[in-house]
Amino acid sequence: MKVLALADIHGKFFRLDGIVKKSDPVDVVVIAGDLTQGGPPENAVRSISILKHFCTRVLCVPGNFDPPEVAQAIGAYAVNLDETPKIIQGREFMGIGYSTATGNHTPSEVSEETMAYKLDVLLSHTPPGKTVLVTHQPPFETLDMTDRGPMGSKALRAALDRVDVIICGHIHKQRGKVKDGAWVINPGYAAEGQAAVVDLDTMDIIWIDSVV
């Protein structure tokens with residue numbers, strides 16, 4: 001199964017045409033949060049619409065810059081994994097949106113306790129197997145380094161041995177693929193034309209850079 005993975009569009013839906021043109025055909029598109037820069041919902045809908053013309057299966061989670069009305073729009077026009085897990089070709093896609101505190105008072109932040117509770121509820125109903133967890137925030141100390149130090153979630157760190165793959169974003173300059181219990185993948189900063197095609201069977205990745 002091939003996935004077009006994106007994160008951090010931040011309202012720049014005009015970047016998506018270039019990304020799609022450079023992508024291989026895929027079975028599903030995954031957006032790991034921050035479709036908008038604080039809204040409006042119409043920007044999220046435009047992003048989803050462009051991507052659905054490329055692949056009809058679009059799965060998303062909201063990010064810390066996506067307020068509740070954007071999360072509602074995601075659920076109306078795509079699959080909001082933060083609310084509804086999805087099984088595709090024998091793989092279970094699950095999601096945890098938003099992020100813990102950033103220090104910037106963005107619209108949708110939750111506590112570590114809330115993140116841990118949501119993860120426990122989600123993963124307690126998940127049988128062992130091929131699981132892909134889509135998050136906005138990365139796990140603590142995995143693809144999360146910033147000038148202020150690591151900015152990942154400790155609750156997500158504790159879940160690394162409970163899933164097979166985590167697709168995340170949030171830290172724009174930490175693009176990469178790391179095996180840390182689970183495979184953790186940050187496809188890059190979509191607002192600057194970055195994305196990735198991930199083969200979930202082989203874990204090979206094609207990195208997309210549509211802006212040079």
Exclusive hit being surrounded by fewer than 19 Cβ atoms within 10 Å (Cβ to Cβ) and either over 26 Å from Val45 (Cβ atoms) or at pLDDT 95 or above (or both), set Pro139, Pro128: Pro128
Positions within the range 153-212 being of a type in the set (Asp, Glu), touching a Ser or Thr at 6+ places or on another chain (Cβ under 9 Å) and in a loop (DSSP other than H, G, I, E, B), in sequence order: Asp164
Exclusive hit being touching a Phe, Trp or Tyr at 6+ places or on another chain (Cβ under 9 Å), touching a residue at least 24 places away in the same chain (Cβ under 8 Å) and surrounded by fewer than 23 Cβ atoms within 10 Å (Cβ to Cβ), set Lys86, Lys12: Lys86
Odd one out for Thr146 among (1) of a type in the set (Val, Ile, Thr); (2) under 13 Å from Val3 (Cβ atoms); (3) open to solvent by 10 Å² or more (accessible area, probe 1.4 Å): (2)
Answer residue from the range 163-200, given it is under 19 Å from Leu123 (Cβ atoms) and without any contact (Cβ under 8 Å) to a residue 40 or more places away in the chain and is farthest from the chain's Cα centre (by Cα) among those: Gly181
Every residue from the range 120-134 that is closer than 12 Å to Leu160 by Cα and part of a strand (DSSP E or B): Thr131, Val132, Leu133
In the range 52-92, the residues that are small (Gly, Ala, Ser) and closer than 19 Å to Asp199 by Cβ: Gly90
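The values are calculated or read from the model by the stated rules, or taken from the named source; none is laboratory data. Model, not experiment: these values are computed from the prediction. Here the Cβ is made from the backbone with ideal geometry for all residues, glycine too, and neighbour counts use every protein chain on show. Accessible surface areas use protein heavy atoms only, side chains included; no ligands, DNA or RNA. Shrake-Rupley method; radii C 1.70, N 1.55, O 1.52, S 1.80 Å.
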